[in-house]
Amino acid sequence: MKRLTHIGSDGRAQMVDVSAKPLSQRRAIARGKIRLQQETLNLIARNQIAKGNVFATARVAGIQAAKQTAHLIPLCHTLALSQVTVDIVASKDGAEVKCTAQTVAQTGVEMEALVGVTVALLTIYDMCKAVDKDMIISDVQLFEKTKSAVATVGDRRSEKTPR
């Protein structure tokens with residue numbers, strides 16, 4: 001049976017010790033949706049929402065949020081993210097948001113991707129709440145996560161060409 005890694009033998013919450021784990025290239029993708037009325041989508045497309053460019057603002061908010069994950073989720077490790085992207089695509093009944101987070105670290109970036117997509121969706125909600133009272137945020141989920149080995153300094157081959 002699997003055990004919860006954030007619960008110590010005494011039952012208390014704890015941060016997981018990852019110090020013995022090797023560095024790995026990590027990537028996580030999270031997705032989510034927001035249902036919007038057609039008129040709201042039209043206002044967004046014409047950049048007529050009073051608070052400004054909705055998707056551009058949500059994109060930046062999602063990136064900023066992913067970088068702040070360890071400040072928001074108590075037991076998350078602080079990670080140096082090498083890249084965060086937030087993609088927002090309008091659909092027939094709303095918008096779909098995808099956040100991709102990448103790093104080289106001893107632990108994964110799932111939480112960063114999930115926080116990024118969630119805050120981007122919340123930003124769309126906040127910016128459109130004056131004109132759309134029927135918005136629904138849904139389907140926030142981890143879509144993909146990958147981990148691959150990182151070559152150590154001793155494993156790297158010289159890039160010099162032989163003479």
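Each reported figure results from applying straightforward, stated rules to the coordinates on display, with no laboratory input. What you see is a predicted model, and the numbers here were worked out from it, not measured in a lab. Cβ placement follows ideal geometry from the backbone for every residue including glycine, while neighbour counts extend to all protein chains displayed.
Observations
- Residue order, fewest to most beta carbons within 10 Å, for C99, C76: C76, C99
- Reachable lysines from K51, criterion Cα separation under 29 angstrom, eight or more residues apart if same chain: K33, K67, K92, K98, K129, K133
- In nm, spacing of pseudo-spin labels at Q38 and A13 (7 Å Cα→C-beta vector): 4.5 nm
- Prolate/oblate/rounded label for the chain (Cα gyration tensor, a/c 1.5): oblate
- Modelled FRET efficiency - R0 35 Å, S24 with S138, Cβ distances, 0.05 increments: 0.65
- Proximal lysines relative to K2, as straight alpha-carbon distance under 21 Å, when same-chain residues fewer than 8 apart are discounted: K21, K145, K147
- The range 36-75 and the range 79-124: distance between their alpha carbon centers, rounded to Å: 11 Å
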